Amino acid sequence: MAKPTTLAQALEAWIVQAGLEKPFYEARAVVEWFELAGPQIARVTKRVWVERGRLYVQVSSPVWRQELHLARSHWRDRINERLSRPVIEEVVFC
């Protein structure tokens, strides 16, 4: 007898079959930014979006922008780790 499919597995299969895998994970990357950044950084984040494999984070403070820019590869790695796949190639703070 076959093992039952979980709802998560069924949804993932449907997302892949519908060709929505890339936009789904890009949208999740935006959500993960706010989860990983925490409240202090979220307060200075004005806008977040994904375009062509890049996560753009608009930051209201030049000081925070510089600080975050220095750790951009760290942020990329943490987001991709949370997504369990290499969705984000680069994080751009603007």
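If you go through region 70-78 one residue at a time, do you hit one that is modelled with pLDDT of 95 or more and not in a helix (DSSP H, G or I)?
Yes; the residues of region 70-78 include at least one that is modelled with pLDDT of 95 or more and not in a helix (DSSP H, G or I).
In region 12-29 there is at least one residue that is touching a helix residue (DSSP H, G or I) at 6+ places or on another chain (Cβ under 6 Å), among the acidic types (Asp, Glu) and surrounded by 11 or more Cβ atoms within 10 Å (Cβ to Cβ). Please specify each residue of region 46-94 satisfying the condition of being surrounded by 15 or more Cβ atoms within 10 Å (Cβ to Cβ) and over 14 Å from the mean Cα position of the chain (by Cα). If the condition is that a residue be surrounded by 15 or more Cβ atoms within 10 Å (Cβ to Cβ) and over 14 Å from the mean Cα position of the chain (by Cα), then Val59, Trp64, Arg65, Leu68, His69 are the ones that fit.
Restricting region 33-72 to residues that are among the hydroxyl-bearing types (Ser, Thr, Tyr) and in contact with a strand residue (DSSP E or B) (Cβ under 8 Å, 6 or more places away or on another chain), which is farthest from Glu89 (Cα to Cα)? Steps first, please.
At the first step, the residues of region 33-72 found to be among the hydroxyl-bearing types (Ser, Thr, Tyr) are 45, 56, 60-61.
Restricting the remaining residues to those that are in contact with a strand residue (DSSP E or B) (Cβ under 8 Å, 6 or more places away or on another chain) gives 45, 56, 60.
On the way: Thr45: 20, Tyr56: 11, Ser60: 23 Å.
Per the stated criteria, the residue is Ser60.
Whenever a residue of region 78-94 is in contact (Cβ under 8 Å) with a residue 24 or more places away in the chain and within 14 Å of Ala27 (Cα to Cα), its partners that are small (Gly, Ala, Ser) and surrounded by 17 or more Cβ atoms within 10 Å (Cβ to Cβ), lying with C-beta atoms within less than 8 angstrom and at least six residues away or across chains, give the pairs Ile79/Ala29; Leu83/Ala29; Val87/Ala29; Ile88/Ala29.
The values are calculated or read from the model by the stated rules, or taken from the named source; none is laboratory data. Predicted model, so just to flag it, every value in this text is computed and none were measured. Here the Cβ is made from the backbone with ideal geometry for all residues, glycine too, and neighbour counts use every protein chain on show.
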